[in-house]
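Input: a single structure, listed below in C-alpha cells.
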Amino acid sequence: MGTRNRFFLVIVFLVLVLGGLFGWRIYQITQLKAQFSQPQPPIPVAATKAVRESWVPAVSSVGSLRAINGVEIANEVPGVVEKILFESGQWVEQGQALVELDAATDEAALTTLRADAQLANSEFERVADLIQKRAVSQAQFDAAKANMEAATARVNQQEAQLAKKTLRAPFDGVLGLRLVDLGQYLPVGSAAVEINMLDPIYVEYTIAEKELGRMAVGDQVELFIAATPEMQFSGTVSAINTSVNLETRTVNVRATIANPDKLLKPGMFASVRTLRREARELVAIPRTAISYNTYGNFVFALVEDDKGGLITERRSVITGETNNGMVEIVEGLQAGETVVETGLLRLRAGQSVQIQTEQERQEAIQGGDNGDEGAR
C-alpha cells in the first residue's frame, strides 16, 4: 500500500503542475487577446488636400545646345605664325585681328605690283593726253588702258592675298582654347581657335509626331541643365522641321534661349519643356502623397469612421503630368479630398489616424533631425 500511495501522490502532483502550467498559458493567451482587441491609438500623419489648379500643359523632351554661330577659325593661305593677338576665353568683336602670319614676301610682292600699277597709270595718262591730239592710235590707247586695269587688278589681288595673312573674328563671340603657337607653320585649313556666339543660343530637340499639331513657332520654352539644376532658362520656339523622321516618327524643333550670363554652352545636354498656349483646369496633389508601384499607383485618402474619427482608405489613382512637385490626378480623387502626404509605407487600409497640426509637424521634423545628428 505504501508504494501505491506514493505513486498516487506523484500522479496528483504531476496533474497539479501540468494543470497550473496549462492554466497559466490560457491566462497569457486571454491577456494577449484582450490587448489586441483594444483599439489602437490613432497614428499622427501629415495630410494635404487635393486642390484644383490651372496648369499650362507642357511637352517634355531632351535636347542639346548649339551656338547660333560657331566655327573654328582657320587660315586660307599657308604661313608661319608671327603674332597671336588674343587669349583663350576672350570676348572679341567682329573683324578683330586674332592671328598674324608672316607676310614679308607678300608685302614685297605688293610693293612691286604697286610700282608697276603706278607706271601703267602714268603711261595711260600720257596716251590719253596724246589721243586727244591724235598723236597715237586708238589701239595704243586701248592697250595702255588695259595695261593699267590689269596692273590695278594685280595690286587688288595681292592686297586680298595679304589680308588673308591676318585671321579675324567673323562675328562677335567668345573664343575657345588657343590651338596654335608662335613660329608654328600652318598649312591651309589649320584651326587656330574656336569662336561661338553665346547670346542667344539654340537648343535643338525632338517631339513626338502626335504633338506636332499642338506646337507652333513662338511657343514658350523652359530649359534646365545639369550644371545649374536650380536655374530655369526661358526662350521661344524659333523653327520646326518640315518633315517627320521615318524611323523614330519624331520632329526636330529648334528654340532660341536668352543667355546673357553665358552659362549655357554649346554641346550641353538640356531638359526642355515646351508650354502650350491654352491652360486647363485639373486636380493635383504633392508627389510624396502617391505610392508608385508596378500594380498601379495609389494614395491613402482620409475618411470618417462610425465614431467620427479618421481612417485610411487605399485609393487607386491614375496620374498625369507633373509640375513643381505636384502631380495631376486624372482619376481616383476629387478636389477637396484629404490624403496622407508622407509616410505611406507605415500605413495600411482602415487604420485610425490623426492629422498633425503644423506645430506638431515641425516638432516631428526637428526631432528627426536631432535624432539623425545624434546617430552621426
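Values in this text are rule-based calculations from the coordinates and carry no lab data. Everything quoted here is computed from the prediction, not taken from an experiment. Backbone-built Cβ (ideal geometry, glycine too); neighbour counts: all protein chains shown.
Helix 104-132 and the longest principal axis of the Cα set of the chain meet at an angle near 40°. Could you identify which residue out of ASN324, ASN69, ASN259 has the top mean-square fluctuation in a GNM of the chain using Cα springs shorter than 10 Å? For the chain, modelled as a Gaussian network with Cα springs under 10 Å, the answer is ASN324. Ordering ASN156, GLN118, ALA108 by the projection of their Cα atoms onto the charge dipole of region 103-164, which places +1 on the Cβ of Lys and Arg and -1 on the Cβ of Asp and Glu, puts GLN118 at the extreme positive end.
Per residue of the chain, the DSSP helices (runs of n ≥ 4 H) give a summed -39500 (n - 2.57) that works out to -10500 deg cm²/dmol at 222 nm. Looking at region 128-197, the trypsin sites (Lys or Arg not before Pro) that sit in a DSSP loop and have at most 12 other Cβ atoms within 10 Å of their own Cβ are LYS133, ARG134. Ignoring the sites themselves, the chain has its longest run without GluC sites (Glu not before Pro) in a DSSP loop having at most 16 other Cβ atoms within 10 Å at 94-229. Modelled spin labels at ALA226 and TYR27, positioned 7 Å past Cα toward Cβ, are 6.8 nm from each other. The region of the chain that goes longest without hitting one of the chymotrypsin sites (Phe, Trp or Tyr not before Pro) in a DSSP loop, each with at most 12 other Cβ atoms within 10 Å, is 1-291. With respect to the chain, whose longest principal axis is taken over its alpha-carbon atoms, helix 138-163 is tilted by about 30°.
Against the longest principal axis of the chain, how steep is helix 2-37, in degrees 0 to 90 to the nearest 10, with axes from Cα atoms? Here the helix axis deviates by roughly 40 degrees.
Comparing mean-square fluctuations of PRO266, PRO42, PRO57 from a GNM of the chain with C-alpha springs under 10 Å, the top value falls on PRO42. Amide H to amide H distances under 5 Å link GLU337 with ALA50, where only residues 5 or more positions off or on other chains count and H is placed in the peptide plane. What does the charge count near VAL188 come to, summing +1 for each Lys or Arg and -1 for each Asp or Glu among other residues with Cβ under 11 Å from its Cβ? Around VAL188, the surrounding residues sum to 0. The distance linking region 106-153 with region 244-320 is 79 Å (Cα centroid to Cα centroid, whole angstrom). Dipole check for region 103-164: with +1 at the C-beta of Lys and Arg, -1 at the C-beta of Asp and Glu, and the Cα centre as origin, the magnitude is about 200 Debye. Of the trypsin sites (Lys or Arg not before Pro) found in region 252-305, not one falls in a DSSP loop while having at most 11 other beta-carbon atoms within 10 Å. Between the beta carbons of GLU211 and ILE43, assuming R0 = 45 Å, the FRET efficiency works out to 0.55 to the nearest 0.05.
How far is it, in nm, from the label point at TYR295 to the one at PHE13 when both lie 7 Å from their Cα along the line to the Cβ? The two pseudo-label positions are separated by 5.7 nm.
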